[in-house]
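Worksheet: one structure, shown below.
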Amino acid sequence: MDTGSKLCMGCMNELDENGVCHYCSYSDDIPHLQSYLAPRTVLDDRYIIGKMLSYNGEGASYICYDMIRKCKAVAREYMPDTLCERERGSSNIIVNPECLAKYKTYMSEFTDMNKVLSRMKNLTHISTAMDIFVENNTTYVILEYVEGVSLKKFLQTNTGYLTWNRVKKLFMPLFTTLSIIHNAGIIHRGISPENIIVTTDGELKLTGFSISSIRTSNTGLSSEFYSGYTAPEQYSSLAYQGTWTDVYAVAAVLYRILTGCMPLDASTRLTNDTLVPATRINPGIPVYVSNVLSHAMAVRGEDRIQTINDFVTQLFDKHYQLEHQKGATQTIPIQRQQRSSSSRSGSGKNTKNAEKSNTASVIAAIIIVVVFLALGGVMLALLLTPPDKSKDSSTVVSFPDDTAQTGIQTSATLEPIITISSAAEEDSPYGTGAVMPELSGKRYETVVNQLGNEFTIRAEYYYSDVEQKGLIAEQSIPAGTEYDPQRKNELVVKVCKGSENVPVPSYAGKTYKAYSELLDSLDIKYKKVEIDSKQVPIGYVVSTDIGVGYNVNIKNGEVLTVRVSKGITVTTKATEKAPDTPAEQPAQ
């Protein structure tokens, strides 16, 4: 076509008057693999196919040009090379007759997965599916073209690793997106630095969605694994996979970014697990973050963090950090090493070391006694001295820093929640005595737990597609303002409610109780309707009035109708198996 003759088939930019591309080194003389589409092939009378970008056991991806939208795109062709081949001199696919059933089954999975993704156009951190059509005896998906570089190349140009403070800001929107995708019933199974794009705007986009069979062993397709990032259960067709499979991959990606070292391949860890904790490679990584990564990368799926939501909660709520009540005195245990009679009869060198250790212990004990006596004297003086309003003592409430390296087993002094300063401040309408901390970016539950005794805290919620649910964005009392801890001042905070449009999660094989708990966690309002069913066991969900993957607007109070079976009674023997549920169909 005339339009295609003016475009470079390597980058889809316009050629100059001499037919030369100034953006890439592609040439029409470069031969293409005969099993795949030839450059300048036109699909659906709309898409001009360019060079092939990549291929795996599921099919191939090509750069293409959309003649209607006048923009670049990516065409994904379903073509499992172990089940079919390209007809010579044609674009048609010829399926091996013995593999016809498997070919159609996998193509149906490929189509269904991309249809669900196409309904998530409000998610800005995945490569959006814009069109799906059938041609050449196969299925094609047109995906958004993402300008940027892979995370793998990005790391190569950024000293090989990033700090935790930078990583958490970069990955938070991606965590939210992945959680929504999981709720829609899609598991990626191929998350790695190769499938994460760093856009020209400095954001992350997840690409490389494929059917489950090419990322699982022994399925009849050419397996696609990412060494260091593929979860152990993917190396066996008999092991269970789920959201925990992607948790492993995400944790492995963070491990690589924070340490600069690729984690051990999971197939190796199955027989010899020598994975080194991240903080031992890079001491700048907070200990609790390292602990969470180790937990998320457990070899056994059942020992692993199960969902992205739990993974993020532990990363940002610091569940692996010791906590104590405000104002409580912290006692640092003195650990004494017990010696047996045989060790006492050791060399003279060991005896000298023991004497030095005992001397140090005595000195430390004397210092502690002196410090406590001094503190006692100060407290007594404060009690006997009348208050001086010109020099108020301010109590500063501070939250632990995200980079504090504190873990469960540490015996070092933790950062106190309450510290004392004597800076004189002007009188405040909220009283004096303490200083309001910065709450922006803190979790609402954490703030309520720490300041709930001193304030009447009221939350004002708002919705956002990019900000993390549960984090505070604004506070009515500015940080640094003095307040009286004895007065119940009102504190109003603006808290993110997450996205107002939440995809309906999968109900397949779920009882009404389990499904209602899932809906509650997503803040989706719902009502129960019992219906007769000859196929679905009593108490299990039959269907919903809004199809799985379609959005429910929780801001407007949209109510999801959950249809529950009141039909057949299931025998004990039958209940041992997963109940049969009808295929989920989008609401018409």
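Side notes on the structure shown:
- For segment 158-177, filtering for residues that are touching a strand residue (DSSP E or B) at 6+ places or on another chain (Cβ under 8 Å) and closer than 26 Å to Gly284 by Cβ leaves 4.
Residues are listed down the side, and each one gets a yes or a no for (1) in contact (Cβ under 8 Å) with a residue 40 or more places away in the chain; (2) assigned to a helix (DSSP H, G or I):
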{"site": "Asp16", "(1), (2)": "no, no"}
{"site": "Ser35", "(1), (2)": "yes, no"}
{"site": "Ser91", "(1), (2)": "yes, no"}
{"site": "Ile94", "(1), (2)": "yes, no"}
{"site": "Cys99", "(1), (2)": "yes, yes"}
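The rows are residues; the columns are (1) assigned to a loop (DSSP other than H, G, I, E, B); (2) of a type outside the set (Gly, Ala, Ser).
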| position | (1), (2) |
| --- | --- |
| Ser516 | no, no |
| Leu519 | no, yes |
| Lys527 | no, yes |
| Val542 | no, yes |
| Gly549 | yes, no |
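- Every residue from segment 141-169 that is among the polar types (S, T, N, Q) and free of Cβ contacts under 8 Å to residues at least 12 places away in the same chain: Gln156, Thr157, Asn158
- Matching helices (runs of 4 or more DSSP H) fully within segment 231-339 where at least 1 residues are under 23 Å from Arg215 (Cβ atoms), modelled with pLDDT of 90 or more and not aromatic (Phe, Trp, Tyr): 243-259, 266-269, 287-296, 308-317
- Per the listing Glu490, Glu482, the residue uniquely crowded, with 18+ Cβ neighbours inside 10 Å, acidic (Asp, Glu) and not assigned by TED's automatic domain parsing to the domain that holds Lys528 is Glu482.
- The residues of segment 74-87 that are touching a residue at least 24 places away in the same chain (Cβ under 8 Å) and either under 31 Å from the mean Cα position of the chain (by Cα) or more than 14 Å from Ser222 (Cβ to Cβ) (or both), listed by number, are Val74, Ala75, Arg76, Glu77, Tyr78, Met79, Pro80, Arg86.
- Scanning segment 439-461 for residues that are over 12 Å from Leu471 (Cβ atoms), at pLDDT below 85 and touching a Phe, Trp or Tyr at 6+ places or on another chain (Cβ under 9 Å) yields Gln450, Glu454.
- Boolean, Ser223 is without any contact (Cβ under 8 Å) to a residue 60 or more places away in the chain and either surrounded by 15 or more Cβ atoms within 10 Å (Cβ to Cβ) or closer than 30 Å to Asn183 by Cβ (or both): no
- Unique match (being modelled with pLDDT under 80 and touching a strand residue (DSSP E or B) at 6+ places or on another chain (Cβ under 7 Å)) among Glu482, Glu425: Glu425
- Filtered residues of segment 206-220 (kept if free of Cβ contacts under 8 Å to residues at least 24 places away in the same chain and under 20 Å from the mean Cα position of the chain (by Cα)): Gly208
- For segment 111-133, a residue qualifies if it is in a helix (DSSP H, G or I) and within 18 Å of the chain's Cα centre (by Cα), and exactly one does: Leu117.
- Residue check, Val134 hydrophobic (A, V, I, L, M, F, W, C), more than 30 Å from Ser90 (Cβ to Cβ) and not assigned by TED's automatic domain parsing to the domain that holds Asp523: no
- Yes/no for Ser499 being under 33 Å from the mean Cα position of the chain (by Cα) and surrounded by fewer than 19 Cβ atoms within 10 Å (Cβ to Cβ): no
- Every residue from segment 134-193 that is aromatic (Phe, Trp, Tyr) and assigned to a helix (DSSP H, G or I): Phe154, Trp164, Phe171, Phe175
- Some residue of segment 70-80 being over 30 Å from Glu203 (Cβ atoms), crowded, with 20+ Cβ neighbours inside 10 Å and not assigned by TED's automatic domain parsing to the domain that holds Gly185: yes
- Qualifying residue in segment 514-525 (condition: in contact (Cβ under 8 Å) with a residue 60 or more places away in the chain and more than 22 Å from Thr177 (Cβ to Cβ)): no
- Scanning segment 47-69 for residues that are over 22 Å from Pro31 (Cβ atoms) and surrounded by fewer than 18 Cβ atoms within 10 Å (Cβ to Cβ) yields Met67, Ile68, Arg69.
- Among the residues of segment 49-73, those that are in a strand (DSSP E or B) and farther than 28 Å from Ser222 by Cα comprise Tyr65, Asp66, Cys71, Lys72.
- Among the criteria (1) among the polar types (S, T, N, Q); (2) part of a strand (DSSP E or B); (3) at pLDDT 85 or above, the one Thr419 does not fulfil is (3).
- Every condition in (1) buried (at least 16 other Cβ atoms within 10 Å of the Cβ); (2) farther than 30 Å from Tyr78 by Cβ; (3) free of Cβ contacts under 8 Å to residues at least 60 places away in the same chain; (4) of a type in the set (Gly, Ala, Ser) holds for Gly190 except the one numbered (2).
- Residue within segment 96-113 that is touching a Pro at 6+ places or on another chain (Cβ under 9 Å) and among the hydroxyl-bearing types (Ser, Thr, Tyr) present: yes
The values are calculated or read from the model by the stated rules, or taken from the named source; none is laboratory data. Fair warning: this is a prediction, and the values are worked out from it, not measured in the lab. Using ideal geometry, Cβ is built from the backbone for each residue, glycine included, and neighbour counts are taken over all protein chains shown.
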